[in-house]
Amino acid sequence: MPGMTEPGTDLEIRRQRAEDRPAVREVIVRAFGRTVVADLAEALLAARAGADGLSYVAETGGRIVGHVQLSRSWVDAPQRLVDVLVLSPLSVRPEFQRRGIGGRLVHHAVAEAERFGAPMVFLEGSPRYYGRLGFTRASERGFTAPSVRIPDAAFQVVTLPGYEPWMTGALVYAEEFWALDCVGLRDTP
Ligand SMILES: CC(C)(COP(=O)(O)OP(=O)(O)OC[C@H]1O[C@@H](n2cnc3c(N)ncnc32)[C@H](O)[C@@H]1OP(=O)(O)O)[C@@H](O)C(=O)NCCC(=O)NCCS
């Protein structure tokens, strides 16, 4: 019966389109409670770091309820700079959380990163949440976080088929993360 479908059962994950921008902004602001994260998502999409628009939405019932974004950064390996992807931000509208939408967005983004040829995807976040989704502590794989303000356990990576063992070193974030001060945790006054 129309209207009786449990929200989320008809969920589609697809590339973000230009006209999705206001809805994506709203999802991010509602999820994080801060406009700066939506500003970061928009800045990344507009920049070279936007990785040809590797930004995805979760849609159900014609409504955008989740969003995930990939952007380019580098690993400063001894041999050369290695192009990698960073997964950030990840947002699900509060009333649609805890239904697996976040997990599906992460799996989709990682599959897309692999298709894109990225050797690794990095992120900052809860190891309890992302550990279930295949991410592991990056420091244990020889990577250094881009800031000492990122807790060691929060700095995580998933390696993809393009990864080779010589690809170790510091993750260097794209400029937009710094310009908007969206790296790690700051002391609260
Ligand atoms: C994190 C977020 C995207 C998860 O979306 P979701 O659709 O609820 O995720 P899923 O349904 O796939 O997984 C839900 C599970 O993750 C857990 N979870 C959610 N956020 C978590 C966090 N920060 N730390 C640990 N566990 C978390 C939930 O408790 C739930 O576990 P349970 O079902 O065992 O109780 C969503 O909570 C959100 O938008 N949060 C605000 C923005 C944010 O913090 N983004 C991530 C930044 S790294």
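The values are calculated or read from the model by the stated rules, or taken from the named source; none is laboratory data. The shown structure was predicted, so the numbers you read here are calculated from the model rather than taken from an experiment. Virtual Cβ from ideal backbone geometry, glycine too; neighbours counted across all protein chains shown. Keep in mind that these areas ignore ligands, DNA and RNA; they rest on the heavy atoms of the full protein, side chains included. Shrake-Rupley method; radii C 1.70, N 1.55, O 1.52, S 1.80 Å.
Data overview
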read-out: Qualifying residue in the stretch 142-151 (condition: of a type in the set (A, V, I, L, M, F, W, C) and touching an Asp or Glu at 6+ places or on another chain (Cβ under 7 Å)); value: yes
read-out: All positions within the stretch 37-50 that are open to solvent by less than 10 Å² (accessible area, probe 1.4 Å) and more than 12 Å from the chain's Cα centre (by Cα); value: Ala38, Ala49
read-out: Odd one out for Ser71 among (1) among the hydroxyl-bearing types (Ser, Thr, Tyr); (2) open to solvent by less than 10 Å² (accessible area, probe 1.4 Å); (3) closer than 28 Å to Gly142 by Cα; (4) within 13 Å of the ligand (Cβ to nearest atom); value: (4)
read-out: The stretch 106-116: number of residues that are open to solvent by less than 50 Å² (accessible area, probe 1.4 Å) and either farther than 9 Å from Leu87 by Cβ or not hydrophobic (A, V, I, L, M, F, W, C) (or both); value: 1
read-out: Matching entry among Gly61, Gly8 (being surrounded by 12 or more Cβ atoms within 10 Å (Cβ to Cβ), out of contact with any helix residue (DSSP H, G or I) (no Cβ under 7 Å at 6 or more places or on another chain) and at pLDDT below 95); value: Gly61
read-out: Residue ID - nearest to Gly53 (Cα to Cα), chosen from residues in the stretch 98-116 that are within 15 Å of the ligand (Cβ to nearest atom) and without any contact (Cβ under 8 Å) to a residue 60 or more places away in the chain; value: Ala109
read-out: Any hit, the stretch 32-49, residues being assigned to a strand (DSSP E or B), among the hydrophobic types (A, V, I, L, M, F, W, C) and in contact (Cβ under 8 Å) with a residue 12 or more places away in the chain; value: no
read-out: Sole exception among (1) within 17 Å of the chain's Cα centre (by Cα); (2) surrounded by fewer than 20 Cβ atoms within 10 Å (Cβ to Cβ); (3) outside any helix (DSSP H, G or I); (4) not small (Gly, Ala, Ser) for Pro78, by number; value: (1)
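For every residue, the table says whether it meets (1) open to solvent by 60 Å² or more (accessible area, probe 1.4 Å); (2) polar (S, T, N, Q); (3) more than 17 Å from Leu40 (Cα to Cα).
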{"position": "Asp83", "(1), (2), (3)": "yes, no, yes"}
{"position": "Ile101", "(1), (2), (3)": "no, no, yes"}
{"position": "Gly131", "(1), (2), (3)": "no, no, yes"}
{"position": "Ala145", "(1), (2), (3)": "no, no, yes"}
{"position": "Gln156", "(1), (2), (3)": "no, yes, yes"}
{"position": "Pro161", "(1), (2), (3)": "yes, no, yes"}
{"position": "Trp178", "(1), (2), (3)": "yes, no, no"}
{"position": "Asp181", "(1), (2), (3)": "yes, no, no"}
{"position": "Thr188", "(1), (2), (3)": "yes, yes, yes"}
